[in-house]
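Notes for the one structure printed next.
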Amino acid sequence: ETGVTQSPTHLIKTRGQQVTLRCSSQSGHNTVSWYQQALGQGPQFIFQYYREEENGRGNFPPRFSGLQFPNYSSELNVNALELDDSALYLCASSGHRASSYNEQFFGPGTRLTVL
Amino acid sequence: AQTVTQSQPEMSVQEAETVTLSCTYDTSESDYYLFWYKQPPSRQMILVIRQEAYKQQNATENRFSVNFQKAAKSFSLKISDSQLGDAAMYFCAYRRASGNTGKLIFGQGTTLQVKP
């Protein structure tokens, strides 16, 4: 069973640029969630994708957008990068069964630095 | 809105000793899940233990156990027989049981140092 993978591991961008982060979900999982973790802080929920549709969103501006593909892998896109976007971006995958506990399995994250 | 608070930014424990990490939360929901996650320097978030709010019995996983006080909205983690590999950042997290979104709300984290 393959776990959650993310690419790239590290990324350096300059303010105003755009970035795309990628996540491959664990085998058998159809739901992907993205979190932003600033240095020394807890992760903050960005959004969740289920069956290629956004299924919940946290308090993040529209320049944070995402996609989920038919194979359930996902992308996080951030436009017009700001210095405060520097963070570790975590992806988590899970199954999706209504009214049931679905454990989220996290990837190793992508460290984004905005200069 | 639900919130999770960890008031101990750093904790230290001697190897083989016991340590307790504190967490409080705020919610108006009656049914929810609470979690403790471990994040080592490798950054990968690992689930340590989970508690369903409707269960009165405290969850236990080997050396890890929780003290869940629903009325006080308190959820502490006890690590017994601490090992060097337990050194990491620990996060308390909350998730609603209802709804389709598995959104986790995390606390600020507690860095645990284990001294040999």
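The values are calculated or read from the model by the stated rules, or taken from the named source; none is laboratory data. From a predicted model like this one, the values you see are computed outputs, not experimental measurements. When we count neighbours, we look across all protein chains shown, and the Cβ atoms used for this are built from the backbone with ideal geometry, even at glycine. Accessible surface areas use protein heavy atoms only, side chains included; no ligands, DNA or RNA. Shrake-Rupley method; radii C 1.70, N 1.55, O 1.52, S 1.80 Å.
Show me the strands (runs of 3 or more DSSP E) found entirely inside segment A:19-62 where at least 2 residues are surrounded by fewer than 17 Cβ atoms within 10 Å (Cβ to Cβ) and within 11 Å of another protein chain (Cβ to nearest Cβ). I'd like the intermediate steps shown before the answer.
Details: elements: A:19-24, A:31-37, A:44-50, A:53-57.
Per the criteria, A:53-57.
Which is among the polar types (S, T, N, Q) and over 30 Å from A:ARG51 (Cβ atoms), of B:THR110, B:THR27? Walk me through how you get there before you give the answer.
Values: B:THR27 fails: over 30 Å from A:ARG51 (Cβ atoms).
Within the list B:THR110, B:THR27, the selection yields B:THR110.
How many residues, within segment B:59-71, are within 14 Å of chain A (Cβ to nearest Cβ) and either within 20 Å of A:GLY42 (Cα to Cα) or not in a strand (DSSP E or B) (or both)? Step through it out loud before you land on a result.
Residues of segment B:59-71 within 14 Å of chain A (Cβ to nearest Cβ): B:59, B:61.
Subsequent filtering for residues that are either within 20 Å of A:GLY42 (Cα to Cα) or not in a strand (DSSP E or B) (or both) retains B:59.
Of the residues in segment B:59-71, 1 are within 14 Å of chain A (Cβ to nearest Cβ) and either within 20 Å of A:GLY42 (Cα to Cα) or not in a strand (DSSP E or B) (or both).
Could you count how many residues in segment A:9-40 are among the basic types (Lys, Arg) and closer than 13 Å to A:GLN68 by Cβ?
From segment A:9-40, those among the basic types (Lys, Arg) are A:13, A:15, A:22; that's our starting set.
Right, trim to closer than 13 Å to A:GLN68 by Cβ and you get A:22.
Residues that pass the stated criteria total 1.
What are the residues in segment B:106-116 that are more than 9 Å from chain A (Cβ to nearest Cβ), open to solvent by 70 Å² or more (accessible area, probe 1.4 Å) and of a type outside the set (D, E, K, R), if any?
B:GLN113, B:PRO116
Take the residues in segment B:72-105 that are hydroxyl-bearing (Ser, Thr, Tyr) and part of a loop (DSSP other than H, G, I, E, B); name whichever of them is least open to solvent (accessible area, probe 1.4 Å). Even if it seems obvious, please write down each step before you answer.
Start the filter on segment B:72-105 by keeping residues that are hydroxyl-bearing (Ser, Thr, Tyr), which leaves B:74, B:76, B:80, B:82, B:90, B:94, B:98, B:101.
Those still in the list that are part of a loop (DSSP other than H, G, I, E, B) too: B:80, B:82, B:98, B:101.
Numbers: B:SER80: 36, B:SER82: 2, B:SER98: 53, B:THR101: 42 Å².
Among them, the one singled out is B:SER82.
Mind telling me which of the residues A:LEU81, A:LEU76 ends up being of a type in the set (A, V, I, L, M) and either modelled with pLDDT under 95 or in a strand (DSSP E or B) (or both)? Don't jump to the end; show me each part of the working.
Values: A:LEU81 fails: either modelled with pLDDT under 95 or in a strand (DSSP E or B) (or both).
Among A:LEU81, A:LEU76, only A:LEU76 is of a type in the set (A, V, I, L, M) and either modelled with pLDDT under 95 or in a strand (DSSP E or B) (or both).
Restricting attention to segment A:103-115, which residues are surrounded by fewer than 16 Cβ atoms within 10 Å (Cβ to Cβ) and facing chain B (nearest Cβ under 7 Å)?
Result: A:GLU103, single match.
Of everything in segment B:25-42, what is within 17 Å of B:ILE105 (Cα to Cα), open to solvent by less than 70 Å² (accessible area, probe 1.4 Å) and more than 10 Å from the chain's Cα centre (by Cα)? Give them in sequence order.
Quick first cut of segment B:25-42, residues within 17 Å of B:ILE105 (Cα to Cα) only: B:25-39.
Right, trim to open to solvent by less than 70 Å² (accessible area, probe 1.4 Å) and you get B:25, B:27, B:29, B:31-39.
Passing the criteria: B:TYR25, B:THR27, B:GLU29, B:ASP31, B:TYR32, B:TYR33, B:GLN39.
What residue, among those in segment B:43-66 that are open to solvent by 70 Å² or more (accessible area, probe 1.4 Å), of a type outside the set (Val, Ile, Thr) and under 14 Å from the mean Cα position of the chain (by Cα), is nearest to B:ARG95 (Cα to Cα)?
Filtering segment B:43-66 down to residues open to solvent by 70 Å² or more (accessible area, probe 1.4 Å) leaves B:46, B:50, B:54-57, B:60-62.
Keeping just the survivors that are of a type outside the set (Val, Ile, Thr) gives B:50, B:54-57, B:61-62.
From what is left, the residues that are under 14 Å from the mean Cα position of the chain (by Cα) are B:50, B:61.
On the way: B:ARG50: 11, B:GLU61: 20 Å.
Looking at residues that are open to solvent by 70 Å² or more (accessible area, probe 1.4 Å), of a type outside the set (Val, Ile, Thr) and under 14 Å from the mean Cα position of the chain (by Cα), I get B:ARG50.
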